[in-house]
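The values are calculated or read from the model by the stated rules, or taken from the named source; none is laboratory data. A quick note: this is a predicted structure, and the numbers were derived from the prediction, not measured. Here Cβ is always computed from backbone atoms with ideal geometry, including for glycine, and neighbour counts include all displayed protein chains. Protein only, heavy atoms only, side chains kept; ligands, DNA and RNA dropped before computing areas. Shrake-Rupley method; radii C 1.70, N 1.55, O 1.52, S 1.80 Å.
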Amino acid sequence: MKSTSFCVGTAAILAPGFCALLLCGDRALAQSSSPQAPAVLPGKGLAQHDFFYAGEAKRERMSIVRGGQVVWSYTHPGRGEISDAVLEPNGNILFAHQFGITEITLDKQVVWNFDAPPQTEIHTAQPLGANSVWFIQNGNPAKFMVIDKATGNIEHQFELPVKNPNSVHGQFRQARLTAAGTILVAHMDSGKIVEYDLDGKALWSRDAPSCWSATPLANGNILIAGSGAKFVREINRQGETVWEWIAADTPEYKFSNVQIATRLPNGNTIVNNWFNEWSDTLDPGNTPVQAIEVTPDKKVVWALRSWSPPADLGPSTTIQILDDVYAPSVLPGKGLAQHSFLYTGEWDHRKKEQTVFVVRDGKVAWQHAIPTNDEQGVMQELGDATMRSNGNIVFCRKVGATEITPGKKIVWDIVAPKGAEIHSVQPIGTGKVLVMQNGKPAKLMLIDTVTGQTEKELTLPVPKPDQPHLQFRRVRQTRDGAFLAAHLDDRKVVEYDAGGKAIWTYRVNGPWSATRLKNGNTLIAGDWSGYVREVNPQGETVWEITQKDVPDFKFFNLQTANRLANGNTVICNWCAGNNKTEEWADTVQVFEVTPEKKVVWALSSWKDPDLGPATSIQLLDEPGAASPDL
């Protein structure tokens with residue numbers, strides 16, 4: 001195959017995943033009486049970054065960390081060591097494990113495998129497009145190869161020179177494709193970095209003794225990790241060192257082997273510290289860090305040390321940062337065409353207007369916008385919206401609540417008194433609404449929208465009457481006339497009878513919304529606590545979904561959840577708490593999951609149309625949902 005047939009240069013192809021050597025451990029590491037690191041480490045521990053992690057170790061383990069916890073882990077049953085691994089854009093994981101290459105789904109199903117021939121080893125492999133994998137096969141001779149996963153055919157190969165053809169283990173660990181479509185290879189046994197074209201011609205070379213990995217940077221330079229020599233060095237194409245870290249720059253941290261380095265968008269560099277399980281014994285009372293993050297002036301701003309269950313990550317080789325990886329590149333479902341729905345969300349602080357949308361047949365069929373700030377300059381928030389059976393839409397806006405016709409005529413409106421807020425409004429029949437008014441006191445009101453009369457008013461207890469904002473987000477009347485209130489600030493869900501007496505209480509963190517299901521259970525969305533949970537009347541959890549169940553999708557604030565007639569659950573994933581608004585476009589606003597927690601629909605619509613953050617979604621194709629005429 002000619003090199004011109006390779007179209008390389010996407011971020012997906014260059015996603016980090018790195019390799020490891022067994023021979024360069026510091027035997028004094030585990031037995032040293034001096035501290036391996038400061039007792040108090042900088043940064044937020046596991047919560048500093050979301051990341052995919054793997055390492056050369058006696059057990060072939062891999063993990064995904066999101067939100068400060070291990071949400072996915074896998075131990076490969078084969079022999080060997082994981083020297084290179086990558087979480088792919090499609091959500092699968094591809095990893096080289098010395099005696100082969102394997103691709104698995106996050107359900108831990110093997111979808112592709114390649115066994116290394118006898119007397120060869122494979123320590124680096126990466127996806128090439130959707131259907132191929134490139135890798136280096138250590139051996140006599142050593143080869144760069146591209147294989148078609150579907151057919152097993154070798155599409156392209158060339159031989160690589162090595163220092164010792166008969167000692168295959170130490171020949172290569174990491175190689176990476178560049179944006180120009182060349183291959184950058186760390187010749188570990190020869191102590192040099194070489195760039196080849198895809199016909200095998202050497203285009204550029206620099207000596208780099210002890211090189212374990214070499215990564216092409218966006219600025220055209222190359223970042224080299226120096227294994228047992230314990231350095232990270234950025235060089236330009238002239239071979240000049242433009243930045244360097246050595247272990248002596250951070251003497252309070254003991255390093256044994258530096259296999260990879262990752263340059264972050266902010267200019268910081270993550271340096272891994274590989275622990276050799278074959279030559280050393282870990283001292284549980286004096287464990288080394290697995291990685292540090294240093295600024296350009298070499299200040300340590302994060303140190304990762306996680307050796308104990310339930311987050312025993314093991315030795316560190318691959319650290320792929322997932323801070324800006326929010327979902328697979330191809331989302332399940334039909335996008336806007338999956339359902340007809342009414343949609344809105346709180347606090348789209350990018351815009352001067354906040355909007356309620358109706359989507360039908362994959363297009364915006366209707367929309368209504370209000371100013372982000374009202375006439376008094378107070379920010380409005382669209383947190384709750386429902387279509388009545390007559391097609392009217394009832395919504396709240398923090399400073400009040402409104403009912404509007406499909407023709408955009410306002411037929412009812414209420415303004416919250418000064419110091420009060422309205423975040424919950426529920427249509428009752430065609431002529432009444434249930435309004436929860438946060439304030440001092442907090443009032444639950446049943447209002448006739450035709451006459452404007454308040455037919456029922458209950459005062460609900462709150463722990464902080466002078467702080468109305470977080471008192472309630474969702475209160476709903478149940479089919480039997482009771483009221484189900486999610487006390488957001490008081491960490492509980494309470495059911496009140498018609499007279500306001502508490503008849504059922506469930507304690508839980510972050511209850512943003514609570515819905516009584518037809519089976520008598522209660523479905524709760526936990527906002528910043530990151531769960532959707534179904535509990536029975538006894539308070540027992542009968543179903544729950546958390547970040548651990550869908551590690552390839554980033555959870556933000558799970559504000560509302562709806563149980564569909566088919567048993568699936570639709571969840572709003574509100575992201576507006578992330579002030580980096582440029583990152584919103586990669587997030588998923590709404591998930592639909594099966595009872596088995598498989599994601600069958602993921603909505604990400606930030607352009608044409610830009611629906612904004614997701615707080616409330618009403619599926620209009622559900623039985624009895626609303627009028628089909630709008």
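When E596 is tested against the conditions (1) farther than 30 Å from N266 by Cα; (2) touching a residue at least 24 places away in the same chain (Cβ under 8 Å); (3) assigned to a loop (DSSP other than H, G, I, E, B); (4) open to solvent by 30 Å² or more (accessible area, probe 1.4 Å), the lone failure is (2). When residues in the range 221-230 are screened for being free of Cβ contacts under 8 Å to residues at least 40 places away in the same chain and either over 16 Å from Q174 (Cα atoms) or part of a loop (DSSP other than H, G, I, E, B) (or both), 4 of them pass.
Taken over the range 237-276, residues that are at positive phi and under 32 Å from the mean Cα position of the chain (by Cα) amount to 1. Every condition in (1) over 25 Å from D489 (Cα atoms); (2) in contact (Cβ under 8 Å) with a residue 24 or more places away in the chain; (3) in a loop (DSSP other than H, G, I, E, B) is met by A614 except one, and the failing one is (1). For the range 417-436, the set of residues classified as surrounded by fewer than 18 Cβ atoms within 10 Å (Cβ to Cβ) and hydroxyl-bearing (S, T, Y) consists of T430 only. Selection of strands (runs of 3 or more DSSP E) fully inside the range 1-110 by the criterion of at least 2 residues being modelled with pLDDT of 95 or more and open to solvent by 50 Å² or more (accessible area, probe 1.4 Å) returns 69-76.
Within the range 231-269, restricting attention to residues that are over 21 Å from A175 (Cα atoms) and β-branched (V, I, T), the residue that is least open to solvent (accessible area, probe 1.4 Å) is T250.
On inspection, H469 passes the criterion of being open to solvent by 50 Å² or more (accessible area, probe 1.4 Å) and in contact (Cβ under 8 Å) with a residue 24 or more places away in the chain. Of all residues in the range 332-358, those that are part of a loop (DSSP other than H, G, I, E, B), open to solvent by 40 Å² or more (accessible area, probe 1.4 Å) and modelled with pLDDT of 95 or more total 3.
What residue, of Q126, Q119, is buried (at least 21 other Cβ atoms within 10 Å of the Cβ) and not small (G, A, S)? Criteria check complete, one pass: Q126. Within the range 501-518, the set of residues being assigned to a loop (DSSP other than H, G, I, E, B) and open to solvent by less than 30 Å² (accessible area, probe 1.4 Å) comprises V508, G510, P511, W512, L517.
Can you tell me which residue is most open to solvent (accessible area, probe 1.4 Å) among those in the range 535-545 that are in contact (Cβ under 8 Å) with a residue 24 or more places away in the chain and within 15 Å of N568 (Cα to Cα)? If we take residues in the range 535-545 being in contact (Cβ under 8 Å) with a residue 24 or more places away in the chain and within 15 Å of N568 (Cα to Cα), then W543 is most open to solvent (accessible area, probe 1.4 Å). Residues that are part of a loop (DSSP other than H, G, I, E, B), without any contact (Cβ under 8 Å) to a residue 60 or more places away in the chain and polar (S, T, N, Q) within the range 244-274 comprise T250, N266, N268, N273, listed in sequence order.
Report yes if some residue within the range 311-324 is touching a residue at least 12 places away in the same chain (Cβ under 8 Å), open to solvent by less than 10 Å² (accessible area, probe 1.4 Å), closer than 30 Å to A248 by Cβ and over 26 Å from the mean Cα position of the chain (by Cα); otherwise report no. No. Among the numbered conditions (1) open to solvent by less than 60 Å² (accessible area, probe 1.4 Å); (2) among the basic types (K, R); (3) on the phi > 0 side of the Ramachandran plot, the only one that R491 does not meet is (1). If you go through the range 129-138 and keep only what is open to solvent by less than 10 Å² (accessible area, probe 1.4 Å) and under 22 Å from A57 (Cα atoms), you end up with F135, I136, N138. G170 falls short of the stated requirement of being touching a Phe, Trp or Tyr at 6+ places or on another chain (Cβ under 6 Å) and either in contact (Cβ under 8 Å) with a residue 60 or more places away in the chain or assigned to a loop (DSSP other than H, G, I, E, B) (or both). Scanning the range 519-533 for residues that are over 17 Å from the mean Cα position of the chain (by Cα), open to solvent by less than 10 Å² (accessible area, probe 1.4 Å) and closer than 20 Å to N566 by Cβ gives T522, L523, A525.
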